[in-house]
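Visitor: One structure follows; several queries about it will come next.
The values are calculated or read from the model by the stated rules, or taken from the named source; none is laboratory data. Since the model is a prediction, treat every value here as computed from it, not as a measurement. Backbone-built Cβ (ideal geometry, glycine too); neighbour counts: all protein chains shown.
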There are 2 protein chains.
Amino acid sequence: MSTVDDLLARRARHLPQAMSLHYDRPLHIVRGDGAYLIAADGTRYLDCINNVSHVGHANAHVAEAACRQMRMLNTNARFLYAELFDYVERLTDRLPAALSVCFLVNSGSEANELALRIARARTHRRGTVVLDGAYHGNTTSLIDISPYKFNGRGGEGCPPHVQVAATPDPYDGRFRGESSGSDYAQDVTKALERSTQAGHPAGTFITESLLGCAGQVDPPDGYLAAAYAAARAAGAVCIADEVQIGFGRMGDTFWGFETQGVVPDIVTLGKPIGNGHPLGAVVTTPEIAESFATGMEYFNTFGGNPVSCVIGSAVLDVIDSEGLQEHARRVGEHLEHGFADLAKRHQAIGDTRGRGLFRGVALVTDRQTHAPATSLARTLVQQLREEEQILLSLEGPGDNVLKLKPPMPFSEGDADRLLDALDRLLTDQGE
Amino acid sequence: MSTVDDLLARRARHLPQAMSLHYDRPLHIVRGDGAYLIAADGTRYLDCINNVSHVGHANAHVAEAACRQMRMLNTNARFLYAELFDYVERLTDRLPAALSVCFLVNSGSEANELALRIARARTHRRGTVVLDGAYHGNTTSLIDISPYKFNGRGGEGCPPHVQVAATPDPYDGRFRGESSGSDYAQDVTKALERSTQAGHPAGTFITESLLGCAGQVDPPDGYLAAAYAAARAAGAVCIADEVQIGFGRMGDTFWGFETQGVVPDIVTLGKPIGNGHPLGAVVTTPEIAESFATGMEYFNTFGGNPVSCVIGSAVLDVIDSEGLQEHARRVGEHLEHGFADLAKRHQAIGDTRGRGLFRGVALVTDRQTHAPATSLARTLVQQLREEEQILLSLEGPGDNVLKLKPPMPFSEGDADRLLDALDRLLTDQGE
């Protein structure tokens with residue numbers, strides 16, 4: 001068995017420094033099991049990080065489906081095979097009727113990259129309005145529209161064709177209270193106006209419906225409806241980035257955009273869609289898809305291959321057969337009450353937010369100013385791992401939001417374990 | 001069993017028009033087996049198209065490795081797991097010693113996209129010199145550097161930061177004969193000069209070493225060595241796109257760039273690397289990788305996951321255990337002699353070229369002018385399918401080059417079958 005030091009030495013020789021690791025002393029993982037990751041020393045860690053392993057680590061049904069298909073056929077979509085249509089029919093059936101045309105790709109980045117190409121082909125405009133703190137992927141065009149990257153370390157600032165609207169954060173942002181939904185939407189209108197003034201009228205408005213990298217931010221009611229209306233009035237196409245939040249994780253709804261009562265023009269899917277298998281999708285209307293039929297073929301070698309399709313289908317099977325959306329709703333509610341209860345006893349908890357099994361707990365040093373308790377947050381993450389065998393990551397501009405997005409089989413018992421651990425550690429810290 | 005019409009109707013409802021199919025009457029494929037694809041009606045087709053299914057359709061060893069790992073663990077590279085290092089060590093061992101740092105991604109497009117980002121981070125230059133007819137992938141940045149796309153249907157022409165050098169085609173291009181290698185390299189020098197004059201000095205020179213979309217063109221000896229020297233003298237990084245040609249297909253060499261005796265600064269890998277599994281890689285030097293460590297994390301959710309890594313490793317296992325590189329050399333030589341023999345008897349064969357199991361047969365209406373026999377080529381492809389159960393595609397600007405890039409288990413018997421079929425069909429056509 002390799003030791004952590006061995007692996008780190010091998011990593012240093014062959015992996016780039018631009019890639020990073022969880023924890024200063026990273027974990028050597030050898031096995032997954034539902035909501036758990038098992039380290040080389042046998043420790044079972046409760047995994048609150050891997051939303052990608054949506055229906056559970058090492059899910060047997062997904063593995064069986066993949067194995068069967070790999071032994072049968074894997075080729076590309078210039079040939080006809082039923083697995084592709086079986087899958088896109090099931091996938092589009094879950095989406096609003098208008099969204100019926102599907103491109104299958106190999107990652108969330110490929111999905112957002114393609115969605116951007118499609119929106120630009122539709123509008124003949126490169127201008128894009130994005131939300132502050134957003135991350136949409138790792139290609140050149142996507143870093144250009146990701147403030148999380150272009151304003152972050154190593155970033156080169158906001159490009160001229162991009163305008164940034166405020167994070168619609170009801171806790172920590174510019175606007176609070178009842179009218180904050182329309183106030184934040186008003187900020188999108190201003191960004192659309194700036195786009196025109198800058199000579200790059202917006203053809204695209206892209207957002208997550210529950211914002212991940214910005215700090216697990218759940219926008220106020222009415223926000224996206226008003227923002228979409230403004231974007232469309234300005235001639236832009238609305239893209240809903242569901243890469244982090246889709247496939248039942250919200251609990252009440254299957255998709256994130258449904259929590260805001262909107263129908264996007266383009267939806268992009270990734271991470272959970274294949275339970276870890278490299279898969280992504282772009283779904284749009286026939287009209288918008290037609291605008292992309294410029295005569296230039298879109299070909300994606302691996303996109304929509306039969307193995308990826310049966311894996312995608314198997315993930316939908318498990319979501320349904322195990323009732324994972326309803327499970328996310330129930331366990332999410334349990335967590336919500338639990339975090340609310342913790343907040344009564346621990347001053348460090350400034351805000352608890354999110355939906356279903358996509359949640360954030362903002363730690364603050366001062367409940368009036370909301371000053372981020374970054375150091376406490378980092379200590380907690382370390383202690384959760386070492387003392388409680390729970391894996392959790394941080395998010396948000398202050399690096400102070402505990403980010404909860406576990407595999408969906410995460411149970412009420414797992415929730416209690418996390419809540420008890422936080423209670424104990426915050427008490428020990430005198431918080 | 002679905003009929004072709006059924007599938008086409010389902011396809012029309014849910015797939016975009018921008019995607020295309022092989023053949024006017026596409027094939028409904030249900031199974032793969034080595035170098036063969038099996039249609040729903042039971043017909044076994046000899047597959048000369050799928051270079052992606054490198055070690056053979058439905059390869060059992062690759063499927064077993066994937067199944068085992070899927071049942072065990074699939075997570076991301078922010079955790080440590082041995083499968084990643086086992087694979088990148090094996091992969092970099094096959095490359096020149098200088099190329100030791102590896103980024104794993106999910107497709108050839110993701111690989112070229114990332115390579116371009118790395119080259120630009122290294123040189124702080126966006127200018128790029130490419131070869132005419134080249135295709136490097138489906139992202140915005142890659143279409144910008146792919147003349148095959150930006151000069152093709154629906155294309156928007158060459159962007160200002162890109163300069164196009166001539167296809168180094170010893171048969172059909174501008175330069176012929178002994179000095180053509182340095183003549184074509186001279187054309188790269190001119191493109192580099194134009195880059196500077198246009199205000200976008202070149203930071204990147206990217207090529208395939210045996211050109212696929214340009215028509216299976218094997219550059220003259222000495223070409224890349226001189227072109228790389230010119231590019232480096234001008235301050236550009238040299239990227240070898242091995243997405244179509246790598247992993248032993250050349251026969252004599254494991255990589256395409258080795259046929260030209262050069263060592264690239266960055267190598268990109270895709271298609272055959274995972275036998276159809278979505279996998280790609282960028283390999284570069286520690287110095288260039290370090291230039292990319294700007295502080296901005298590079299994260300790729302699925303890139304380098306343990307399942308992808310064991311699949312990549314299993315592909316290398318099969319290449320070695322079945323001696324597929326030597327097999328490609330031997331069968332390739334057999335094809336070379338066979339095509340040369342056909343060319344003696346059939347005037348329509350203007351040129352036969354390529355290496356190993358990556359070959360082209362250019363069909364012409366006139367051996368003096370090299371006028372493309374496009375119509376004959378299309379007829380042959382149709383007849384090969386219908387009368388001979390052989391699948392073959394066309395390539396090149398005249399759509400007249402029979403493109404041969406079968407799964408590597410393609411045997412001498414398969415080669416004879418193809419040669420006999422071509423002989424018979426050309427004779428019947430009076431060619």
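Visitor: Quick check on the stretch A:62-95: of everything there that is more than 9 Å from chain B (Cβ to nearest Cβ) and under 24 Å from the mean Cα position of the chain (by Cα), which residue is surrounded by the fewest Cβ atoms within 10 Å (Cβ to Cβ)?
Guide: A:Asp93
Visitor: For the stretch A:354-370, what are the residues that are crowded, with 22+ Cβ neighbours inside 10 Å and either free of Cβ contacts under 8 Å to residues at least 12 places away in the same chain or under 22 Å from the mean Cα position of the chain (by Cα) (or both)?
Guide: Matches in the stretch A:354-370: A:Gly354, A:Arg355, A:Gly356, A:Leu357, A:Phe358, A:Arg359, A:Gly360, A:Val361, A:Ala362, A:Leu363.
Visitor: So, in the stretch B:300-319, of the ones that are assigned to a helix (DSSP H, G or I), buried (at least 24 other Cβ atoms within 10 Å of the Cβ) and not hydrophobic (A, V, I, L, M, F, W, C), which residue ends up nearest to the other protein chains (Cβ to nearest Cβ)?
Guide: Across the stretch B:300-319, the extreme among qualifying residues is B:Ser308.
Visitor: In addition: Scanning for something in contact with a strand residue (DSSP E or B) (Cβ under 7 Å, 6 or more places away or on another chain) and without any contact (Cβ under 8 Å) to a residue 40 or more places away in the chain, does the stretch A:59-75 turn up at least one residue?
Guide: Taking every residue of the stretch A:59-75 in turn, none turns out to be in contact with a strand residue (DSSP E or B) (Cβ under 7 Å, 6 or more places away or on another chain) and without any contact (Cβ under 8 Å) to a residue 40 or more places away in the chain.
Visitor: Same structure, new question: Does A:Ser141 fit the bill of being closer than 19 Å to A:Ile288 by Cβ, out of contact with any Phe, Trp or Tyr (no Cβ under 9 Å at 6 or more places or on another chain), modelled with pLDDT of 95 or more and among the polar types (S, T, N, Q)?
Guide: yes
Visitor: Of all residues in the stretch A:227-278, count the ones that are over 20 Å from A:Glu326 (Cα atoms), of a type in the set (D, E, K, R) and surrounded by fewer than 24 Cβ atoms within 10 Å (Cβ to Cβ).
Guide: Residues that pass the stated criteria total 1.
Visitor: A:Ser100 versus (1) surrounded by fewer than 20 Cβ atoms within 10 Å (Cβ to Cβ); (2) facing chain B (nearest Cβ under 9 Å); (3) more than 24 Å from B:Val307 (Cβ to Cβ); (4) free of Cβ contacts under 8 Å to residues at least 40 places away in the same chain: which is the lone unmet condition?
Guide: Against the list (1) surrounded by fewer than 20 Cβ atoms within 10 Å (Cβ to Cβ); (2) facing chain B (nearest Cβ under 9 Å); (3) more than 24 Å from B:Val307 (Cβ to Cβ); (4) free of Cβ contacts under 8 Å to residues at least 40 places away in the same chain, A:Ser100 comes up short only on (4).
Visitor: Same structure, new question: Scanning for something in the same structural domain as A:Arg122 (by TED's automatic domain parsing), closer than 23 Å to A:Gln69 by Cα and surrounded by 22 or more Cβ atoms within 10 Å (Cβ to Cβ), does the stretch A:283-299 turn up at least one residue?
Guide: Within the stretch A:283-299, not a single residue is in the same structural domain as A:Arg122 (by TED's automatic domain parsing), closer than 23 Å to A:Gln69 by Cα and surrounded by 22 or more Cβ atoms within 10 Å (Cβ to Cβ).
Visitor: Pick out the one residue from A:Ile349, A:Ile288, A:Ile319 that is among the β-branched types (Val, Ile, Thr) and closer than 30 Å to B:Gly108 by Cα.
Guide: A:Ile288
Visitor: Hey, another quick one. Restricting attention to the stretch A:223-249, which residues are part of a helix (DSSP H, G or I) and among the hydrophobic types (A, V, I, L, M, F, W, C)?
Guide: Within the stretch A:223-249, A:Leu224, A:Ala225, A:Ala226, A:Ala227, A:Ala229, A:Ala230, A:Ala231, A:Ala233 qualify.
Visitor: Scan the stretch A:156-166 and tell me whether some residue there is more than 16 Å from the chain's Cα centre (by Cα), in the same structural domain as A:Ile288 (by TED's automatic domain parsing) and over 20 Å from A:Thr196 (Cα atoms).
Guide: yes
Visitor: Which ones in the stretch A:188-219 are surrounded by 24 or more Cβ atoms within 10 Å (Cβ to Cβ), more than 14 Å from A:Ala134 (Cβ to Cβ) and not hydrophobic (A, V, I, L, M, F, W, C)?
Guide: Result: A:Ser195, A:Gly203.
Visitor: Sort out which residues of the stretch A:198-212 are touching a Leu at 6+ places or on another chain (Cβ under 7 Å) and either part of a loop (DSSP other than H, G, I, E, B) or not aliphatic (A, V, I, L, M) (or both), and write them in order of number.
Guide: The answer is A:Thr204, A:Thr207, A:Ser209.
Visitor: Confirm whether B:Val282 is touching a Cys at 6+ places or on another chain (Cβ under 8 Å), outside any helix (DSSP H, G or I), modelled with pLDDT of 95 or more and among the β-branched types (Val, Ile, Thr).
Guide: yes
Visitor: Just to be sure I understand, how many residues within the stretch A:168-218 are aliphatic (A, V, I, L, M) and either without any contact (Cβ under 8 Å) to a residue 40 or more places away in the chain or more than 27 Å from A:Ala111 (Cα to Cα) (or both)?
Guide: Here the count works out to 1.
Visitor: Can you tell which of A:Ala373, A:Ala421, A:Ala343 is buried (at least 22 other Cβ atoms within 10 Å of the Cβ) and among the small types (Gly, Ala, Ser)?
Guide: From the options A:Ala373, A:Ala421, A:Ala343, the qualifying one is A:Ala373.
Visitor: For the stretch A:320-331, how many residues are in a helix (DSSP H, G or I) and surrounded by fewer than 22 Cβ atoms within 10 Å (Cβ to Cβ)?
Guide: 7
Visitor: Another one. In this structure, does A:Gly177 turn out to be within 14 Å of chain B (Cβ to nearest Cβ) and not hydroxyl-bearing (Ser, Thr, Tyr)?
Guide: no
Visitor: While we're on this one: Is there a residue in the stretch A:411-425 that is in a loop (DSSP other than H, G, I, E, B) and either among the aliphatic types (A, V, I, L, M) or under 27 Å from A:Pro170 (Cα atoms) (or both)?
Guide: No, there is no match, as no residue in the stretch A:411-425 is in a loop (DSSP other than H, G, I, E, B) and either among the aliphatic types (A, V, I, L, M) or under 27 Å from A:Pro170 (Cα atoms) (or both).
Visitor: Restricting the search to the stretch A:123-137, which residues are surrounded by fewer than 24 Cβ atoms within 10 Å (Cβ to Cβ), within 12 Å of chain B (Cβ to nearest Cβ) and within 27 Å of B:Ser107 (Cα to Cα)?
Guide: Of everything in the stretch A:123-137, just one residue is surrounded by fewer than 24 Cβ atoms within 10 Å (Cβ to Cβ), within 12 Å of chain B (Cβ to nearest Cβ) and within 27 Å of B:Ser107 (Cα to Cα), namely A:Arg126.
Visitor: Kindly provide the set of residues from the stretch B:103-122 that are crowded, with 24+ Cβ neighbours inside 10 Å, touching a residue at least 40 places away in the same chain (Cβ under 8 Å) and at the interface with chain A (Cβ under 10 Å from one of its Cβ atoms), ordered by number.
Guide: Across the stretch B:103-122, the qualifying residues are B:Phe103, B:Leu104, B:Val105, B:Asn106, B:Ser107, B:Gly108, B:Ser109, B:Glu110, B:Leu114, B:Leu116, B:Ile118.
Visitor: A further question follows. Among residues belonging to the stretch A:40-52 that are under 28 Å from the mean Cα position of the chain (by Cα) and more than 7 Å from every other protein chain (Cβ to nearest Cβ), point out the one that is farthest from A:Val310 (Cα to Cα).
Guide: Only one residue fits best here, namely A:Thr43.
Visitor: Identify the residue in the stretch A:3-39 that is farther than 19 Å from B:Met70 by Cα and charged (D, E, K, R) and, among all such residues, is farthest from the other protein chains (Cβ to nearest Cβ).
Guide: The residue in question is A:Asp24.
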